[in-house]
Every structure is written in C-alpha cells, then in structure tokens.
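Each remark here refers to the structure printed beneath this line.
The values are calculated or read from the model by the stated rules, or taken from the named source; none is laboratory data. Just so it is clear, the structure is predicted and the values come from calculations on it, not from any experiment. Because the Cβ atoms are built from the backbone with ideal geometry, glycine has one as well, and the counts that use them run over all protein chains shown. Side chains are part of the model used for accessible areas, which takes the heavy atoms of the whole protein and leaves out ligands, DNA and RNA. Shrake-Rupley method; radii C 1.70, N 1.55, O 1.52, S 1.80 Å.
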Amino acid sequence: MTELTTKRPDTELAHLAWCIIVAVKLARKEGKSITPLQTHMFIMQWLSTAQKRKLFPKSLAPDIIWLQKQGKLYGPGARLFSKVEYIWLASSGELVNQSTLFRFTCMIDSLRTMGWQDHLLSDAEWQQGWKCGTEISAVYTQKSQLLSSFTEAGELILPLEVRLTGVFEEIFQILEQCKLKTEKLPVCMGFTVLLIQPES
C-alpha cells in the first residue's frame, strides 16, 4: 500500500480512487453492488474496463494492476472498496480528518496488504504473550483493550498497546501516513511494543 500513497502524483491517484468510489455509489443507488461479493465483482469489472479503454494515464497502470492482483488473490476478502477509500483519503489529504479508529483500521489493512498477520487476542492470550512466531511479521492487539480504548464515535480515549513481531521497520511509514501518534516502549516478552496515543 505504501507505494500507492507516496510515489505517484496525488492528484491522479486521488482521481482514480474518486472515480471508483463514485461508480460504486451510483451502482448501489441503482440497486447494484449491494453485497460485498457484488461490490467486489463490480470493482474488478470496472478496473478491467478502465484498463481496456485506457481511461487513465499510464502512470496509474501499476495501481490498477495492483488492485486487480489483490482482487484475484484474495477475492472479496481483498476489501477493494475499503482499499480504494483509504487511497482516496490518503492521497487527497482527507485521512487526517477521519476518526482515530478509522485510521487505526487503515493501518491494519495496509499491513495485511503487505503480508502481515493481524491477531486479536483474548485477555489470557495477551497475558501469556501468545505469538505465532518471532520471525513472522504480525501485529497483536488485546481485544478487550481495543474495545475499551475507543468511543462509539471512534475517538481514542486511552492509550492502546500493540505488539509486533518480525520485520517491523516498515510500520513506521504506515503509522505516519495514517496520522497515528505513537510511543515506542521497551521490548516485552520478545515483542516490539508500541503505544498508540490519544490525539490530545
């Protein structure tokens, strides 16, 4: 995801994402693209048509191909509409205006896209320091803490601890893009530990 939000001209990339979002919303208004599967199929068809008709500059070809690969690889689980929304918000500068929970979710989605695992742990698993392996790039969150740290409006009211394993350096660019304020804590039980801080 990082290459989609930093290396291409913002205006072109934002325009591509905006076009997809508008097309999906118009289709929904007409009664199409209702279920996640239908939305997925609609976006895949839209991307294929845009590619065949050469509707966008060549500089956006890698982005279109990347979205298509994600769609083919993961099917509806690729959550293409969410990815496109994130691309729009990040490339248009609107991401900073979203709730902390939305930006946290964008961070997790971006990491998944880069091959990371994401684990929500029970209190017992958290206390025992459960991990899928020290070499695997993964992010771990305590489910109860996640639920209690955010308001219904998605604002972070308590610091949220996340644990990391594997090669984690790339997460810092994602955190910056998602406008999440973090503090690095001492290594604990073999984890790199980050504390996501409330805005104020």
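Brief remarks on what is shown
- Filter result for Glu135 (over 20 Å from Thr100 (Cα atoms), acidic (Asp, Glu) and either crowded, with 16+ Cβ neighbours inside 10 Å or in contact (Cβ under 8 Å) with a residue 24 or more places away in the chain (or both)): yes
- Residue that is nearest to Ser91 (Cα to Cα), among those in segment 162-187 that are modelled with pLDDT of 90 or more and open to solvent by 40 Å² or more (accessible area, probe 1.4 Å): Lys181
- Leading residue by the ranking (surrounded by the most Cβ atoms within 10 Å (Cβ to Cβ)) among those in segment 117-126 that are among the acidic types (Asp, Glu) and at pLDDT 95 or above: Glu125
- Any hit, segment 127-136, residues being out of contact with any Pro (no Cβ under 8 Å at 6 or more places or on another chain), part of a helix (DSSP H, G or I) and at pLDDT 90 or above: yes
- Residue in segment 20-33 that is out of contact with any His (no Cβ under 8 Å at 6 or more places or on another chain), at pLDDT 90 or above, under 30 Å from Ile196 (Cα atoms) and not in a loop (DSSP other than H, G, I, E, B) present: yes
- Flag for Trp88 being open to solvent by less than 50 Å² (accessible area, probe 1.4 Å), assigned to a helix (DSSP H, G or I), aromatic (Phe, Trp, Tyr) and closer than 23 Å to Ser110 by Cβ: no
- Total residues in segment 26-59, condition among the polar types (S, T, N, Q), surrounded by 13 or more Cβ atoms within 10 Å (Cβ to Cβ) and closer than 15 Å to Arg79 by Cα: 3
- Scan of segment 184-200 for residues that are out of contact with any Pro (no Cβ under 9 Å at 6 or more places or on another chain) and on the phi < 0 side of the Ramachandran plot, ordered by number: Lys184, Leu185, Pro186, Val187, Cys188, Phe191, Thr192, Leu194, Glu199, Ser200
- Residues of segment 188-200 that turn out to be open to solvent by less than 30 Å² (accessible area, probe 1.4 Å), in contact (Cβ under 8 Å) with a residue 40 or more places away in the chain and either β-branched (Val, Ile, Thr) or not in a strand (DSSP E or B) (or both), as a count: 2
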